[in-house]
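Step one of this worksheet: look at the structure below.
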Amino acid sequence: MIKIGNVEIQNNIVLSPMAGVSDSPYRQICREMGSGFAYTEFVSTDGISHHSKKSIDLFRFQEMERPISFQIFGNNLEIITEACRIIEDLGPDIIDLNMGCSVAKVSHRGSGAGLLRKPAYVGKIIESMTKTVKVPITAKIRIGWDHDSLNYREIVHVLQEAGAQAISVHGRTKSMAYTGLADWNIISEIKSFARVPIFGNGDIQSYAQALDRIKTSGVDGVLIGRAAIGNPWVFAGIDKSTLSFPEVRAMIFRHLNLMTNFYGEQMGLVLFRKHVAKYLKNYFGVSELRHKLVTTPSLEDFVGYLNSFNPDQFRMETLEDKESLNCETYATV
């Protein structure tokens, strides 16, 4: 068990916050599968401070998702502090400051990974947050802006001194975005001197790899991001490739039902398209099906297409076609 302030975390493999992915429906599924706690998508403190309904709605969650961490991003101390004051009334267990987003429209404006360039200011922000709310404050960082400014040691020390209760570390720089490989040696180094729980993040593809990273780096836990999209089984230690298609389809329908209940039928179906494409990745004959699923406006048709799809039949037809082609080839030699 891990403790973040007074919040107990029972499982140390966790769904990473991802814009447009880690919404309440998917968080619910991943928590059911074993994800240790839930992060919301990151939300702009500017939107929160203006009481934007669109921004506030991103914090909607179900009780079963707890412990729930509200992730925010911004670059102004006063606005971030006010945003914390507003969202504390919504019932988060933890509030997390995003210092890792590498997207230009966020980081180049001084938010997300842009905060890595202002360690002293970050310290003031975290200190203000901790004095304003009663829930634990955490931060998610990268190891630096680029390889000429790897200031993770300074950032971690500043965060700790200012009162952060845990730190998640993505082992890439801002300039790397999602290219190259995450540096787990640096993540391990950070764990070696940190006084608060450290969660490592980057390139974890499976449950077994997550356990190995925890063992070899010493981190308290790990976050799984892109590898969890369309694969919530990763948190249960289940290899998706061992599941039958009916089992995968049952999860697709479970997820779809949560989406349509949460967003309404039309919007839920539209937003689910990116998920279903990931669920169906690597199946034989899926191209035509995927096109139908991401273009149909009809929930009934969507369900019908999935129910009629049989990847085993496509695989058999593919094998038969290859055997036929080989026979024809040999016959003409």
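Quick note: the coordinates plus some simple rules give every number you see, no bench work behind them. Predicted, not measured: the structure shown is a model, and the values here were computed from it. Glycine gets a Cβ as well: all are built from the backbone with ideal geometry, and neighbour counts include every protein chain shown.
The value of relative contact order for the chain, using C-alpha pairs under 8 Å at least six residues apart, is 13 percent. Angle of helix 184-193 to the longest C-alpha principal axis of the chain, folded into 0 to 90 degrees and rounded to 10: 30°. Its Cα gyration tensor gives region 175-219 an equivalent ellipsoid. The semi-axes, each the square root of 5 times an eigenvalue, are 18, 15, 8 Å from largest down.
Where only DSSP H runs of four or more residues are counted, the chain gives -14500 deg cm²/dmol as its mean residue ellipticity at 222 nm, each run worth -39500 (n - 2.57).
Taking every lysine pair in region 38-126 that is 8 or more places apart or spans two chains, those with Cα atoms closer than 25 Å amount to 4.
The long axis of helix 286-295 is offset from the longest Cα principal axis of the chain by roughly 60 degrees.
With 5 Å bins beginning at zero, the pair-distance distribution over Cα atoms of region 1-51 amounts to 5, 19, 22, 20, 17, 11, 5, 1 %. Helix 77-88 and the longest principal axis of the Cα set of the chain meet at an angle near 60°. Computed FRET efficiency, Cβ-Cβ of ASP312 and ALA19, R0 25 Å: what is it to the nearest 0.05? Calculated transfer efficiency: 0.10.
With neighbour counts taken as other beta-carbon atoms within 10 Å, the residues LYS191, LYS278, LYS215 rank, fewest first, as LYS215, LYS278, LYS191. Legend: Rg and Dmax of region 77-181, from Cα coordinates, 13.4, 41 Å. Taking a straight line from the alpha carbon of LYS215, these lysines sit under 24 Å away, with near neighbours fewer than eight places off in the same chain left out: LYS3, LYS140, LYS191, LYS240. Working note: Debye formula, equal point scatterers on the alpha-carbon atoms of region 243-315, no solvent; log10 I(q)/I(0) at q = 0.17, 0.27 Å⁻¹ is -0.57, -1.43. Would you mind computing the Rg to Rh ratio of the chain from its alpha-carbon coordinates, Kirkwood style for Rh? Rounded to two decimals, Rg over Rh is 1.04.
Please report the spacing between the Cα centers of region 21-53 and region 62-96 in Å, no decimals. Distance between centres, Cα-based: 10 Å. A full extension of the chain between LEU181 and ALA104 corresponds to an added length of 25.7 nm, given 0.36 nm per residue minus the alpha carbon distance.
Counting every other Cβ atom within 10 Å of each residue's Cβ, TRP233, TRP145 order from fewest to most as TRP145, TRP233. Per residue, the convex hull around the alpha carbon atoms of region 65-108 comes to 82 Å³. Label-to-label distance for LYS278 and LEU211 is 2.3 nm, based on points extended 7 Å past Cα in the beta-carbon direction.
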